[in-house]
Each structure stands twice: as structure tokens, then as C-alpha cells.
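What follows is a set of notes on a single structure, which appears directly below.
The values are calculated or read from the model by the stated rules, or taken from the named source; none is laboratory data. All of these numbers come straight from a predicted model, not from anything done at the bench. Here the Cβ positions follow ideal geometry from the backbone for every residue, glycine too, while neighbour counts run over all protein chains shown.
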Amino acid sequence: MENLNSLMHGFGVAATGFHLMLMVVGVLLGILVGVLPGLGAPNGVSLLLPLTFSMDPVSAIILLTSMYWGALFGGSTTSILFNIPGEPSSVATTFDGYPMAKQGRATEALSLAFLSAGFGALAGVVLITILSTWVAKFALRFSSPEYFAVYFLAFASFVGLGGASPFKTIVSMMLGFAFATVGMDTISGSLRLTFGFSELLNGVSFLVAVIGLFGIGELILTMEEGLRFEGIRARISPRDVFATIASMPRYWVSLLRSSLIGCWMGITPGGPTAASFMSYGLAKRFARNKEGFGKGRPEGVVCPETADHAAGTSAILPMLALGVPGSATAAVMMGGLMIWGLNPGPMLFIDKPDFVWGLVASMYLGNVVAVVLVLATVPFFAAILRIPFAIIGPVIVVVCFIGAYTVSSATFDLWLALAFGLVGYVFKKLDYPIAPLVLAMVLGDKAEDAFRQSMIMSRGSLAIFWSNPLVTGLTALALTLLLWPVVGFAREWVRASRASALRPLSVRGAADEATGGLSR
Amino acid sequence: MTHTTPETPAPALVSRRAAEVAAALFTGALGATVVVGAREYGVGWDSAGPQPGAFPFYLGLIIVAASLANLVRGVLAGAGGAFVDRDQARQVLAFFGPIVAFVVLTVTLGLYVGAALYLFGVMLVQGKYRWWIALLVSMGVSVFFFVVLERWFQVPLLKGPLEAALGIY
Amino acid sequence: MKRITALALALAATVASAPLAQAAWQPSKPIEFVVTSGPGGGTDTFARVVQSIITKHKLVEQPIVVTNKGGGSGAEGYVYGKASAGDPHKVIFGTNNEYLLPLVAKLAFKPDDLTPVAAMAMDEFLIWVNGAAPYADAKSYLEAVKAKPEGFKMGGSQSKDTDETLTKLIEGATGAKFIYVPFKGGGEAAVQLAGAHVDSNTNNPNENIGQWKAGLVKPLCVFSPERLPAGAKVTADKGWSDIPTCKEQGVPIDQFQMPRTVWLTPKAPDDAVTYYADVLAKVKDTPEWKEYIERTSQTSRFLSGKDLKTFIASDEEKNRKVFEKEGWVVK
């Protein structure tokens, strides 16, 4: 109740004409940097930062966070239209978003993505509003073993055993982990697997790999099939946007589940990327009918987007209350906070209630502004697909390489993106799943660090992973999720072999369905 | 991901089996590299938990083992149709070749010049556009990115001799 | 058209200024500030503050672009600087890791590859414990650690970096033995201490101030010869100047500081070094810089030229001793 009063006060601070104007400007700039290759929220925010030095902190943070929301929305746009994720957290959106665009349903896919992202973001802010005090305390209970358990949980929920070719899944996943180990090792302070190449100091960048595997790999495949974007002749009308808005209630289960996953991953240190993968994985696993995932199923867009934004917004809270930035963008914003003379930390809520609650209120308003603005741009973006492939194809190639270069301004990354493009093409044709590789690259080094920190703390004893109720619960849940498909498989197998006495033909179908837990 | 084969399949240039074997050998080689590289850092388990090389070492071993399994399965699976036929290979090379050229040009001449040349060439040769349309589009795209990235957002991209000659950078 | 004009002007300027070419070096194209840490790190804030001051006071004619190259604990940025040998339009921002990193890891650059320009501030180090810990001063805490070897966890940022070096120095000076747990950065180490997952850390003032305000962590002593300058109170009754020095507390370590340094590429002309040193000296005198120093509780100390070289040599020597003792030095 006290929080609600504070929030009302916050609305009083945030809802001025000047602030609303800042939100619109911030969101529009954010969409621009999100859509343009090689620019992400961190660039945009650090560029605007000097402008905010002379502003009052509330206005400054409203401008910067609005830009952040805009950039997150913009990142999903390129995932859906070109299979190039603008932000790491929108990788999972490509799985079904891009197929939808290819089928001429770009407007629907974009609208779905923006609406569910808006829903997720609001869920995250509501959580912050109601539980701010509790969340800040809860986050303090996480140490390395808990971190590891959370990463393990995210992984287990996305990748199950089974599937058409387990060995290919294993190769793909382990390659992802191996790429993640390249570069400076936090725990020992030494360089690993760089083989003396300075180019590998910074490791194999996740974004470069994704640009190659998804963007370039997919383009080569499209060329080989002699296809053009099938969306070219699709009619684009604002009416599709409204039709999609009307269809949203149909996905209430997905929205609710994904919001919960997102909020959970946001306040625990899992982060938006892990949240979106986890949400996609669970959506697929709980779906009664698993057909169609990866081929343009609306839930495949709704789930990762909701979870991504729920996690992104709810992660703001630990950042403010603990002073630990959850992402590069958050880190830049925190730098700003200090320049404005504010110290992130538990006392911020007590010392500067105007700032904190003004920010929270602006998150409600900013996200609503962002959804409205971004929906208005949908027909425009969908129209990009009308450009002939002979022009847009090569332009996407250029966009991919600009994106790869700007990750760390390294020429080497251009070659790396090219190589990953080739690998992506061959892997897709030979049915090696790519998603486990990507997820392993995202979580690999964090999980390894957390594991080894835990081992240092426990002097090498694995018992630390069930040393308190929190970590025990997380570990148990992760193991359950990991082994779930095996249990399901065994159950189906028993049932099928019983049934096979009567109907021998049913065995295959049942087994296929049971092993559907494995991702693409 | 299934790929529909054409009604009358063109002669296979690379068989599926050959591609499977090649892919397995490639991943196996990557795995072996990781194993060799990791051995330098200690692969044991001491009082501070696993040593720096342990995690990559075992990853490498698993990659090698799984690649071997894929290799065996690939060989046993039979020819299994075409990985790419002649027509597809031509399409892919026609697309991929210019990309490689683009990267080479970019590394030597900078990203803006490389991108303009690449777009111009592809539109002219493959898109069969008239030269002045190709020129306009390719220059337009490069200038657009230059203005947005370098001027507005101050994100420097790779630049070559031309930018230096113009005194822009 | 504009460009051609610019070109013509540039040519004219070159011709006109040819006789004066000896006078002073001036940047002729946009300057790149290379930051050897990721966005949001201490070095990043340092570089961006300098950038904003230069821009605000128009100390440099050319625009300045900041790029982050924090890979390999900052090695990425230094290697990049080395690769741009002779280009005086790239300025590299770092700490003492420029000359310490190559000691502990096999890297593609040597300490004397880059050209030192200036050191602008010194970041201080303190011993912090959890706010609820039963230790009132450094002496009683270190006694407790000594009584139970490897029973206390010291959190810190990175491995074989300043925090672990200081931990080893404390161990050497007092006979205590910690378990050192490396985290990605000081912020993480601060939260782990606030949550009582580690027993202490050696964070810089700026990294722990938020948690200290809330009473979740408390400082025991500071590694400097004198107490920190008095400022506003941080908690209800304590400010930076109320923290005793570690020497007062019987820890025989006089001083442990981390310089914030600025470098140029190898073979940069001497004129350029002087030019940047002058610009940075002007930066140091602005009110914005003073405000940054005060806010982050660093010590302002400007070194350039010969003083800087002497400082680097002695700082490297001090650290090398610890590294050699711990067997961290790579051949």
C-alpha cells in the first residue's frame, strides 16, 4: 500500500508534458538504434549521456530508459524481418518470427512481438511496484552456487535429451560452450585457447556468431532454394495490426507463463536472454501440439518476447537497489547515475524517492508510449520486404557485416562472421540444431565462472549445490526439467509397447511426440 | 528443417553422405584443437575446483567423441540423396562468392567503399539493373550508413585509403 | 561540395602552416579514446568524464569518439594501440594494468610498447567487511583470520589483478591466509559482501559507497599514508576521513593505490605527447574534474613526463615482487 502511494507520487513527478516529450524522443531514437545494424542500446545511451549532464536526474533517466525500451523493440524488428537479432535477447524471437515473415505474415509477427513485449514489460513493472523491498532483499541471497543453479535451470528447460540426432545436438552444444571459453579466464586470470592470436583475446563474440549463423547462413539457404521473400506480394494494411490486437487474449496462458519466467529470471541474475530461451523451451515442452514450432507459430513469438521484456524491466530493480548492472546498457546508465550524483544502492529508495518512483512511473508510461509508437511503425517496416530481393538481399549482407564489425571494431570479426555463415548453412542442411550452440555461448562462461567460484568457496566440494534450501530447490528443479523428456519417453515407450500388441503401427508416432522436447 | 527436393532431381554435386562425413571431420578437428589447446592450462581438479583447462578439455573430448559417432552414422546411413545439386551449388556460389569478395574489399578499402562496390556489382551482374540505378543505390546505402554511423552516432567503422584521401578520417 | 571545400581549406592550411610545422602538433582528424574496460567500468567512467570535460570546455578542436576494448582484462585495448603504432589520434585509457598484465599473461604487447602520457588520479583501496560482522577494527578482523587459516573468504575483482595482489600483500604482512574468490568486477564483489557470501573485500571507495550508506558493509581501514580528505558524512555518523589508515591499525602496508593512466601509441611524436599532456593538465584544473574526484573518493595526483616514468618504474617493481613470490609471472 505504501508502495502504491509512492507510485502515485511518482506519476506526479513523471507525467509532465516535458517528460512525455522526452519519452517520445527517447523511444523514437531507441527504435532507430535498435533497427540499425551495429548500433544497440549501449551506443545510443552512451551517446545521449553527455546531453543529460545538465538535466535533472529524473528527466535524464526517463530519456535514457525510454531509449532503452525503444531499442529493445527495434531489436525484435530485425529478428523478425531479416533473421538478424538486434540484441542478444531477441535471438529466440527469430525461431518463429522469421518464418512468419517469410510466409507473408510479417505484420502479424511484428504486432504480436510488440504487444507481448509490452505486456511483459508491464508485468515486470507491476512486480517492481508491489515487491520492491522484498525483491532487493531476495536478490542479496544469491551467490555463485545459486547463480550456477539458475543458469543450469535456464539451460535444462531449453535443451532436453532425445530428438532426431542426439549426437548432433551434443556436438552443437559443446561447440557453443567451447567458443565461450576462448579469451581471458576470470577465475585464473590467464588466457585460454587463444593460440597466441591477439584477435582471440576478446573471445569469440556471441553477436558475431549469431549474425553469421542466423543472418548470413539463412540468406545462403534462401538463395539455394531459389526463393525470394514470399512476403513481397502480401498485403500490408493497418487493419492487420488491429486484428492482431484483438487476437491477443487467445494467448493468455503463454503471456502469463512467460511473464512469470521473465520476472523470475530478471530478479535472479539469469537475465533477459536466458529468460527468452527458457520461455521458448517451456512453451514448446508444455504445448499439447508441438507441431509448427520453428515454422512460424505465433506462440513462438509471444513467449520469448514477453519473457525478454519482463526480465529486462524487472532487472532494473536489482540494478538500482544493489548497484550491479545486468547488461551493458544498464552499466552505462549506472555510470550516468553516478555522474548525476546518485549512488545506486539500497539507500537510493530512501534517499531519493522522487527519483526512484519517478523512474518506476515512467516505466509504465514509457512502455505504453513505446508500444503505441512501435505499432504505428509496423506497416512501414513490413513494407521493407517489398523491396526486390536482388537489392534487399545484398543490403542485408552489408548490414550483417556492419553489425559484426561494430561489436568490437575488429577486422577479424568480419572473417569470423563469414565462417559462421558457412557453418550455419551446412549445419542447417545437415540438421545440426543451432539454438543449443547459441544458448551455450550465452550462458557458457557465466556458468563456468559461477561453478568455479562455488568450488573455490567450498574447497572443491560439490555439496555446495545443495547447501541451503534455495540452491537445493533450484538444482532439483533444473535436474527435473533436464530429465523430464527421458521420463516422458520411458512412459510413452512402456505405454506404446503395451499398445503395440494391438496396434504395432502406433509406436513410432508416440515415440516421436515424446521426444519432441528437443529444440531445433 | 526439411528441404523439398525438386521433382526431377538434378545430379548431386555433393552427396549427403560426403557432407555428413566432412561436417563430422570438421567438428572433430575443432574438438581436437580445443583438447590440445586446453592441455596447456592444467586439466585436473585441485583444492580450488577444476583447473582452467579442465572445462574446455572435457568439452573437446566430448566433441571428438560425438563427432566420431556422427561420422559412423553418416557413413552407415548410405548415400542418402544429394546435399547440393549442380543448380543449387551454382546459386549458392553466385551469392557466396561476392560476399567473400566483399569482405576482401572491405578489409583492404574500408567498409563503406567495400559495401558500395559490392552492392554495385551484385545489382549490375545478378540483378540486371541499369548501371546508373545500381550506382545510385549502392552509393546511397554507403552514404546513408556513413552519415548515420559516423556523424550521428559516432560509431567508427573500418575506413580505407579513400576516406583518408578525402580527409574525412 | 562541402567536402571539396573542406579539402581545399585543409590544403590551404597545410601550405600556410608549413613553415610553422615545427611549432606544435595539433590533431588533424577525429580522436579515438580507447577504453581498456567494458562500458560502465571504472576506466570507462574515467575516459568519458575526460571526454565530456574536453568537449564542454572545447579544449580540443577535433571531435572525440570513445570505443570500448575491454577484452582480456583490457589487453585488447593495448594490443589495438600497439597495432596503430605512430598514429597520434588514438589515446588509450587504462590503469596500472598496462605494465602489470604482461607480467602475468602471455600477451602480444610489452609494457614499454606504448607511450605514457599522464596519470591523472589514484584510486584508493580499503578493507571492507559485512555490516553485521562482529569486527570493529582491522586489527581484530585480521586476528580472527589469522586464527583460522583459509577460513575466511576475500572477494575481489578478477584474478592476479590489483585486488588479489593486495590480498597477497596483506597475507604477507600479517601472516593471515584468505580464500580469494575472483568475481567479474568490483560491483559484484560488493554485493557478495553485502549478502555475506564472502567475509571481506578490498574495493575502491566508489564501488562500495552505496552498500556502506545502507549499512550493509563497513570499512575497516584504508591503504594510504594519511586518512582520506574530509567530505560530507556518508552514513549518519561516519565519513571517509573517519576511517583509520591500515598502518594505524598495525598492518604494515603504507600505501596501495591504482593509478588512472593515459597512453599513446608506440612511436607517437614527442610533440603529440606534450600536446595531450597539456590538454589533460587543463582537464585536471576544471571544477568538473574536481567534482569527479570527490564523488569517486579518488586522490587527485597528476603525473606526466619524467615523474610519470619514475612512478611507473617503482609501481611495477613493487607489484613484480608480489607476482614473483606468488609464481604468477609468465616467461
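Miscellaneous remarks
- Among the candidates A:Ala435, A:Ala417, residue that is modelled with pLDDT under 90, crowded, with 24+ Cβ neighbours inside 10 Å and over 15 Å from A:Phe152 (Cα atoms): A:Ala435
- Only one of the listed residues (C:Gly185, C:Gly215, C:Gly175, C:Gly250) is within 14 Å of another protein chain (Cβ to nearest Cβ) and surrounded by fewer than 20 Cβ atoms within 10 Å (Cβ to Cβ). That residue is C:Gly215.
- Single residue of region A:181-196 satisfying the filter (at pLDDT below 85 and out of contact with any helix residue (DSSP H, G or I) (no Cβ under 8 Å at 6 or more places or on another chain)) that is farthest from the other protein chains (Cβ to nearest Cβ): A:Gly196
- Subset of region C:89-123 that is assigned to a strand (DSSP E or B) and among the charged types (D, E, K, R) - its residue that is surrounded by the fewest Cβ atoms within 10 Å (Cβ to Cβ): C:Lys90
- Scanning region B:140-155 turns up one or more residues that are assigned to a helix (DSSP H, G or I) and among the charged types (D, E, K, R).
So that you can scan it fast, the table gives a plain yes or no per residue for (1) more than 9 Å from every other protein chain (Cβ to nearest Cβ); (2) under 20 Å from A:Tyr432 (Cα atoms); (3) in contact (Cβ under 8 Å) with a residue 60 or more places away in the chain:
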| position | (1), (2), (3) |
| --- | --- |
| B:Gly81 | yes, yes, yes |
| B:Leu93 | yes, no, no |
| B:Leu105 | yes, no, no |
| B:Leu124 | yes, no, no |
| B:Lys128 | no, no, no |
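- Flag not set for C:Gly86, criterion: at the interface with chain A (Cβ under 8 Å from one of its Cβ atoms) and either in a helix (DSSP H, G or I) or small (Gly, Ala, Ser) (or both).
- Exactly one residue out of A:Ala209, A:Ala315, A:Ala243 is within 26 Å of A:Leu373 (Cβ to Cβ) and touching a Gly at 6+ places or on another chain (Cβ under 9 Å), and it is A:Ala315.
- Top-ranked residue in region B:32-55 [being within 24 Å of the chain's Cα centre (by Cα) and at the interface with chain A (Cβ under 9 Å from one of its Cβ atoms); ranked as surrounded by the most Cβ atoms within 10 Å (Cβ to Cβ)]: B:Val34
- Considered as a group, the residues in region A:382-410 that are assigned to a loop (DSSP other than H, G, I, E, B) and more than 17 Å from A:Gln103 (Cα to Cα) include one that is nearest to the other protein chains (Cβ to nearest Cβ), and that residue is A:Ser409.
- Taking the criterion of being surrounded by 17 or more Cβ atoms within 10 Å (Cβ to Cβ) and within 23 Å of the chain's Cα centre (by Cα), the residues of region B:67-90 that qualify are B:Ser67, B:Asn70, B:Leu71, B:Ala82, B:Phe83, B:Val84, B:Asp85, B:Gln88, B:Ala89.
- Each residue in region C:42-65 was checked for being of a type in the set (A, V, I, L, M) and within 7 Å of chain A (Cβ to nearest Cβ), and 0 pass.
- Scanning region B:119-169 for residues being at pLDDT 90 or above and of a type in the set (Val, Ile, Thr) gives a total of 5.
- Flag for A:Leu72 being within 19 Å of A:Gly335 (Cβ to Cβ), buried (at least 24 other Cβ atoms within 10 Å of the Cβ) and under 23 Å from the mean Cα position of the chain (by Cα): no
- A:Gly345 falls short on exactly one of the conditions (1) surrounded by fewer than 21 Cβ atoms within 10 Å (Cβ to Cβ); (2) closer than 30 Å to C:Glu294 by Cα, and that condition is (1).
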